[in-house]
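Only the coordinates and a few stated rules stand behind these numbers; no lab work does. Because the structure is a prediction, the values reported are computed rather than measured. No Cβ is skipped: glycine too gets one built from the backbone with ideal geometry, and neighbour counts run over all protein chains shown.
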Amino acid sequence: MRYLVISDIHGNLEALDAVLGAMRAQGFDHALVLGDLVGYGADPNAVVDRVRSLEPLSIIRGNHDKVASGLENGDSFNLVARSAVQWTYEMLTPENLDYLLKLPAGPIAVDDKVEICHGSPFDEDAYIFDELDALRAFETSTRPVCLFGHTHVAIAYRRLPDRLEMPAGPGDTDQVRLPINGDARYLVNVGSVGQPRDGDPRAAAGIVDTAAGTIELHRVRYAVEEAQRKIRLAGLPEVLARRLGLGR
Ligand code: ZN
């Protein structure tokens, strides 16, 4: 099975469409969506519509989806995130709001090789920032490949019986392909579609091919200026437009 893996789209339609175009050219059987469809970007409804039309095999909620749909309050958010999520809540159609409200919490086991979570397999809202967080996550992951999001940083941790490796991370400018084999267990963030924070402004996505035994990390150029223009037009905080150009 070839899975398209997308996470942290954050209402960025230009980035999502670029990713879908590029990944359709690569070919995939099903989509896995790791949460945070909305928040920050100017196209929450169009993004939710696109995701729904993908009919993902597995999809889970992110922290922004919970707040944007009214399931949780935004007390844990900073001022910029809170104002964007409030705007998003007001923009969402009743149907899309209901769709976000009903998204399940992670982790979810997709098959016997792959599981998905938004933050980490032990807490959907926890961040995996470093090796220590990764080791803790490996203790609770139930599949050889655990896919996560939330940090907006494309990175891969590989646990072997005697050591922990980081075969991919910030600074990898081109496509990365990792083998799924033997004793290796993976914890992989394919990166953020709509708001990368690893210094590379290109949209990020992944393909996991369970038959071929590979995990691929991809970066895709998109019309950043158009996404920025819409953020400004919507009256969303300027910093949200600026950071897209920096990938921070
Ligand atoms: Zn996010």
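Observations
- Taken together, Val67, Val114, Val153, Val145 contain a single residue that is of a type in the set (A, V, I, L, M, F, W, C), under 30 Å from Arg229 (Cα atoms) and either more than 19 Å from the chain's Cα centre (by Cα) or surrounded by 23 or more Cβ atoms within 10 Å (Cβ to Cβ) (or both), which is Val67.
- The set of residues from the stretch 70-93 being crowded, with 16+ Cβ neighbours inside 10 Å and out of contact with any helix residue (DSSP H, G or I) (no Cβ under 9 Å at 6 or more places or on another chain) comprises just one member, Ser83.
- Sole exception among (1) within 14 Å of the ligand (Cβ to nearest atom); (2) farther than 20 Å from Gly35 by Cα for Glu165, by number: (1)
- Restricting the stretch 43-64 to residues that are within 16 Å of the ligand (Cβ to nearest atom) and either of a type in the set (Phe, Trp, Tyr) or out of contact with any strand residue (DSSP E or B) (no Cβ under 9 Å at 6 or more places or on another chain) (or both), the residue that is nearest to Arg229 (Cα to Cα): Asp43
- Taking residues in the stretch 14-38 that are of a type in the set (D, E, K, R), and partners anywhere that are within 14 Å of the ligand (Cβ to nearest atom) and in a loop (DSSP other than H, G, I, E, B), the pairs with Cβ atoms closer than 6 Å and at least 6 places apart or on different chains are Asp36/Asp8; Asp36/His10; Asp36/Gly62.
- For the stretch 1-11, a residue qualifies if it is more than 16 Å from the ligand (Cβ to nearest atom) and not in a strand (DSSP E or B), and exactly one does: Met1.
- In the set (1) crowded, with 20+ Cβ neighbours inside 10 Å; (2) more than 16 Å from the ligand (Cβ to nearest atom); (3) under 14 Å from the mean Cα position of the chain (by Cα), the condition left unmet by Glu14 is number (3).
- Within the stretch 225-242, the only residue that satisfies the criterion of being surrounded by fewer than 20 Cβ atoms within 10 Å (Cβ to Cβ) and either within 19 Å of the chain's Cα centre (by Cα) or on the phi > 0 side of the Ramachandran plot (or both) is Gly235.
- In this structure, Thr151 does satisfy being in a loop (DSSP other than H, G, I, E, B) and under 18 Å from Gly35 (Cα atoms).
- Residue match in the stretch 177-192 (condition: aliphatic (A, V, I, L, M) and loosely packed, with under 14 Cβ neighbours inside 10 Å): no
- Only one entry in Val220, Val193 is under 18 Å from the mean Cα position of the chain (by Cα) and away from the ligand (no atom under 16 Å from the Cβ), namely Val220.
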